[in-house]
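The values are calculated or read from the model by the stated rules, or taken from the named source; none is laboratory data. Treat the numbers as computed from the prediction; the structure is a model and nothing was measured. Every residue, glycine among them, receives a Cβ derived from its backbone with ideal geometry; neighbour counts consider all protein chains shown.
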Amino acid sequence: MTMEKGVITRIERLPGRPRYRIYVDDSCRFTVEEDVLIKCGLTKGMAVDPDRLASILEAEEWSRARRLALRYLATKRRTSRELERMLRRKGVSSDHIKAVMDEFRRFRYLDDRAFARDWVEERRARKGYGAARIRRELEEKGVSEELIAEALGEVDEEDEYRLAMEVAERRLSRMQSQPWPALERRLGRQLLNRGFSPTVVFEVLERVRSIYREEEG
């Protein structure tokens, strides 16, 4: 937007929104959010030259980036990479993305370490997912390898076996009518898809096989 020096002749609030039309020399030249209006001290009679206009538009772009980020994080927790991707899709500049993310990390709105830790706990408790699947999910969300390893650090083979057995027992209650070979193949695929290692799946199937045979006998 280019403009010679002019004077703000009118400020008009948009219906139902904290956003304002700014008229320069009786012509609507741009709109700003209320926080930008206050921050830049825009008032009727103020002179606006190209430098001041550039400063106002810079403040408006920063405000937009911050609003987008706050709305995105309001629905659920996100990782730094997820927020960055969203802001880039919305056309936010790299400088503003960095500034927003630095501020949000400072106030702990963004915390990839806490996100990874909570994600591991939630996916294991609610979904019954093994470490491999959780790792893939966190990688897709852009969490660093260091933080993924840290979050999964307390999950050992015993934990994986115990959780896989719980999942298998729930599945078996709905699959009892199937012959063992078909049941074994299906259960094995399901456990692998949930992110349990082949070693853990083999051990679980061995245990389930023995239980199945005892019940048949």
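What the table below lists for this structure:
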| item | result |
| --- | --- |
| Test: residue in the stretch 184-191 that is in contact (Cβ under 8 Å) with a residue 24 or more places away in the chain, touching a helix residue (DSSP H, G or I) at 6+ places or on another chain (Cβ under 8 Å), closer than 14 Å to residue 124 by Cα and not assigned by TED's automatic domain parsing to the domain that holds residue 125 | yes |
| Selected residue (criterion: nearest to residue 76 (Cα to Cα)) from residues of the stretch 88-142 that are in the same structural domain as residue 74 (by TED's automatic domain parsing) and among the β-branched types (Val, Ile, Thr) | 100 |
| All positions within the stretch 141-160 that are buried (at least 18 other Cβ atoms within 10 Å of the Cβ) and either touching a strand residue (DSSP E or B) at 6+ places or on another chain (Cβ under 7 Å) or not hydrophobic (A, V, I, L, M, F, W, C) (or both) | 141, 160 |
| Qualifying residues in the stretch 54-86 (those that are within 11 Å of the chain's Cα centre (by Cα) and β-branched (Val, Ile, Thr)) - the one farthest from residue 33 (Cα to Cα) | 79 |
| Qualifying position, being of a type in the set (Asp, Glu) and exposed (fewer than 14 other Cβ atoms within 10 Å of the Cβ), among 61, 82, 4 | 4 |
| Filter result for residue 92 (of a type in the set (Val, Ile, Thr) and at pLDDT below 95) | no |
| Which listed residue is touching a strand residue (DSSP E or B) at 6+ places or on another chain (Cβ under 7 Å), over 30 Å from residue 118 (Cα atoms) and among the acidic types (Asp, Glu), from 61, 12 | 12 |
